[in-house]
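Heads up: the structure comes next, in structure tokens.
The values are calculated or read from the model by the stated rules, or taken from the named source; none is laboratory data. Source: prediction; values computed, not measured. Cβ placement follows ideal geometry from the backbone for every residue including glycine, while neighbour counts extend to all protein chains displayed. Protein only, heavy atoms only, side chains kept; ligands, DNA and RNA dropped before computing areas. Shrake-Rupley method; radii C 1.70, N 1.55, O 1.52, S 1.80 Å.
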Amino acid sequence: MGDQEDNKAEVKTVDSETEEVEREGWGRKIEFTLSCIGFAVGFGNLWRFPYLCFTYGGGAFLIPYFLSLIICGVPLMALEFGIGQYFMKGPTIVFKKICPLLFGTGFSMIMVSFLVSIYYVVILAWILYFLFASFISPLPWTTCNNEWNTPNCLVRNGSNVNQTGVSPAVEYFNIRVLNKTDNPEISGPVKWDLALLLILAWIIVYFCIFKGVKWTGKVVYFTATFPYLVLVILFFRGVTLDGAGLGVSYYLKLDISKLGDIQTWREAGTQIFYSLGAGFGSLIAFASYNKRNNNFLKDAVIISSINCGTSFFAGFVIFSMLGYMAKQQGVPIEDVVDQGPGLVFMVYPAGLSTLPGSNFWSVIFFFMLITLGLDSQFAMVEAIATGLTDFWPNLFAKRKPWLILGLSITEFLIGLTCITKGGIYIFDLFNTYAAGTAMIVTVLFEIVAVSWLYGVTRFSRNVGSLISWRVWKSWNILWVCLTPIMISVVFILSIVFYSPIKYNGIPYPWWADFVGWLMAILCILCIFCPAVYQLYHAEGTFKERLVKLVYVPETEEEINLREMNAVDKPENTN
């Protein structure tokens, strides 16, 4: 386990005081890396990226995707790692030290994490439902003679291509699991079988994180690595199936003309932006437990590359199976392609059910999904807990397990709205608005606060002192210019292409969009309300108050560092 010092993080305050306080730390460096990989690699890597690649030009989509990774993804991850590691505090405190006027940015981050973790854990409840059902033989989503099936149910094969009907897998998810209402305006009662599974999901999440990052660091040895084992197994099983080549060729089919479509660039930027997890506060929280001399720039490059590589590899796993299904059913591959929950709860399980040993394949697939979602879920809850503990240390520092318990119960109670008979509509409402515009605005304020108000040169000099290397100017150019421009473009495109929410073509009532925008505004108000409050209560003229709240004076340590200018330190290799 290394020296005892490896399990502790000695934190020097970066203001005028020289007081040292003890902060919890990772047991080993690999635990931080695995936790960040587990957080970044989630359901979107499996159910969204392959579909986007298929829709927007196949291999051509990789061009804007990897450009977005270089311009936006890696710099944002490095920025948040640097913030957390230098100040060694969670998101609610670090922005007070960067720009007091915008310290609410940290609260906006944990509000985003709070809203997203409410509905994200509901997916785990659905997965648990399918996992337990995977021990039933035959698999209940393979036949049409169950009590929940309708007369329209049709088990499609090569001999009934011209018949119309609904797949038993679709009916199983929509009727048996969700018991979905036909209208977003009808919520219906809570499904208590799902409620019990939601309790189980929250119990699992709680026991993964209640002891702090040292305990979480042990959990991720399994939860962050097991999905890769299963993906490799499913890959080799998939590519040996008849028709797999058809699916892979559709996945990678090169269509250069798509590069002229603004939607292709928008989707690439959006996918990178969301998949790496910036704006949730989790990356800042995780980095705050690092040792001071950890090379966070190298971590950002490695972790973001692994995340994107996982997305690309998952496309082969998914499309080899889709090609097989298209060949078995005698239909074009476009007829079986789907994204989102429809892919992992209807399409892919239907394909697995046709394989010999279908129960085994279903069990490992859904168990993989549980580990895939757990890391992302407990990272968001940890970000909230770390932020609140750092902001109110006297209240929560020694009561963190109780804080996490309170958060779990609160989010469970709110999450019950997503497991009513109309809960899928509420789930989709959360999914559309909770991590949408608000998170983009939050990250934009974050990078403006660091690069423009705190100063990108000052930030680079400070974080460079941690790793004993001078940060390359290319990082500064990205942080101060290219990355903010790209975030602004993603924000503008999200507004330009905005349309009222629909679920599978079913429009929501007007008030649903209103509630969705309220969620987004609630996150943004976390930034503006504290700023207005501070401006109002600070002393001096408006200009004096503004200067005082925007600019943080350099500490003596920073002044000495600036004067030395790290002349005797070699250029880094990051």
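Would you kindly give the portion of the calculated P(r) for segment 133-275 that falls above 21 Å, as a percent of all Cα pairs? More than 21 Å apart: 73 percent of the Cα pairs in segment 133-275. Look at the dipole of the chain built from charges on Cβ: of VAL456, LEU102, MET325, the Cα furthest out on the positive end belongs to MET325. Residue pairs exceeding 18 angstrom between C-alpha atoms, taken from LYS89/LYS543; LYS97/LYS211; LYS211/LYS400; LYS96/LYS214; LYS97/LYS214: LYS89/LYS543; LYS97/LYS211; LYS96/LYS214; LYS97/LYS214. Across the chain, the mean sequence separation of Cα contacts (distance under 8 Å, 6 or more residues apart), normalised by length, yields a relative contact order of 30 percent. In terms of the mean number of neighbouring beta-carbon atoms within 10 Å, the peptides 87-98, 50-61 order highest first as 87-98, 50-61. Rounded to the nearest 20 debye, the dipole magnitude of segment 325-404 is 400 debye, with +1 charges on Lys and Arg beta carbons, -1 on Asp and Glu beta carbons, and the Cα centre as origin. Taken over segment 31-167, the convex hull of the Cα atoms encloses 206 Å³ per residue. The listed residues ARG470, ARG266, ARG399 rank as ARG399, ARG470, ARG266 when sorted by accessible area, largest first, using a 1.4 Å probe.
In segment 253-306, the convex hull through the Cα atoms has an average projected area of 5.2 nm², a quarter of its surface area. Ranking GLU558, GLU539 from most to least accessible surface, computed with a 1.4 Å probe over the protein chains only, gives GLU539, GLU558. Counting heavy atoms of the protein chains alone, LYS298 has an accessible area of about 100 Å² for a 1.4 Å probe. Given the DSSP H assignment, sum -39500 (n - 2.57) over each helix run of at least 4 residues in the chain and divide by its residue total; what's the result at 222 nm in deg cm²/dmol, nearest 500? Helices in the chain give a 222 nm mean residue ellipticity of -19500 deg cm²/dmol.
Considering only protein heavy atoms and a 1.4 Å probe, what is the carbon-and-sulfur percentage of the accessible area of the chain?
Details: 15260 of 23520 Å².
Result for the chain: 65 percent of the exposed heavy-atom area is carbon or sulfur.
Per-residue SASA remark: PHE114, around 40 Å² accessible (1.4 Å probe; ligands, DNA and RNA not included). Solvent exposure of segment 36-104 amounts to 18 Å² per residue of accessible area, where only protein heavy atoms count and the probe is 1.4 Å. Ranking PHE130, PRO91, SER68 by how far each Cα lies toward the positive end of the dipole of the chain (charges on Cβ) leaves PHE130 at the top.
Only protein heavy atoms count here; under a 1.4 Å probe, ILE426 has an accessible surface of about 50 Å².
Scalar couplings 3J(HN,Hα) for segment 54-62, obtained by applying the Karplus form with A = 6.51, B = -1.76, C = 1.60 to θ = phi - 60°, are 5, 6, 10, x, x, x, 5, 5, 5 Hz; x denotes Gly and Pro.
Ordering TRP392, TRP202 from largest to smallest accessible area (1.4 angstrom probe), what's the sequence?
Details: TRP392 110, TRP202 10 Å².
I get TRP392, TRP202, largest accessible area first.
Helices meeting the span-like rule in the chain (full DSSP H runs, Cα extent of at least 30 Å along the helix axis, mean Kyte-Doolittle score of 1.0 or higher): 104-133, 358-391, 510-537.
At q = 0.12, 0.13, 0.14, 0.26 Å⁻¹ the log10 of I(q)/I(0) for segment 209-287 amounts to -0.69, -0.78, -0.85, -1.15, computed by Debye summation with a single uniform scatterer per C-alpha, solvent ignored. Close amide-amide hydrogen proximity is noted between ARG470 and ASN572, each under 5 Å apart and 5 or more residues distant or on a separate chain (H modeled in the peptide plane; Pro and chain starts excluded). Under 5 Å from the amide H of THR420 lie the amide H atoms of LYS191, each residue being 5 or more positions distant or on a separate chain, with H modelled from the backbone and absent for Pro and chain starts.
Across the options THR223, ALA379, SER282, the greatest Cα extent toward the positive end of the charge dipole of the chain (unit charges at beta carbon of Lys, Arg, Asp, Glu) belongs to THR223. Placing one equal scatterer on every Cα of segment 379-481 and applying the Debye formula, the log10 ratio I(q)/I(0) at q = 0.12, 0.25 Å⁻¹ is -0.70, -1.18.
Accessible surface for segment 277-353, divided over its residues, is 25 Å² per residue with a 1.4 Å probe. Partnerless cysteines in the chain, where a partner means another cysteine C-beta under 4.7 angstrom, comprise CYS36, CYS53, CYS72, CYS99, CYS208, CYS308, CYS418, CYS481, CYS523, CYS526, CYS529.
Histogrammed with a bin width of 10 Å, the alpha carbon distances of the chain distribute as 3, 17, 28, 27, 16, 7, 2, 0, 0 percent, first bin at zero. Take the Cα radius of gyration of segment 466-560 and divide it by 2.2 N^0.38 Å, N being the number of residues; the result is 1.68.
Amide H contacts for CYS153 (H built 1.01 Å from N in the peptide plane; partners 5 or more residues away or on another chain; cut-off under 5 Å): VAL166. Taking all Cα-Cα distances within segment 191-236, those exceeding 12 Å account for 69%.
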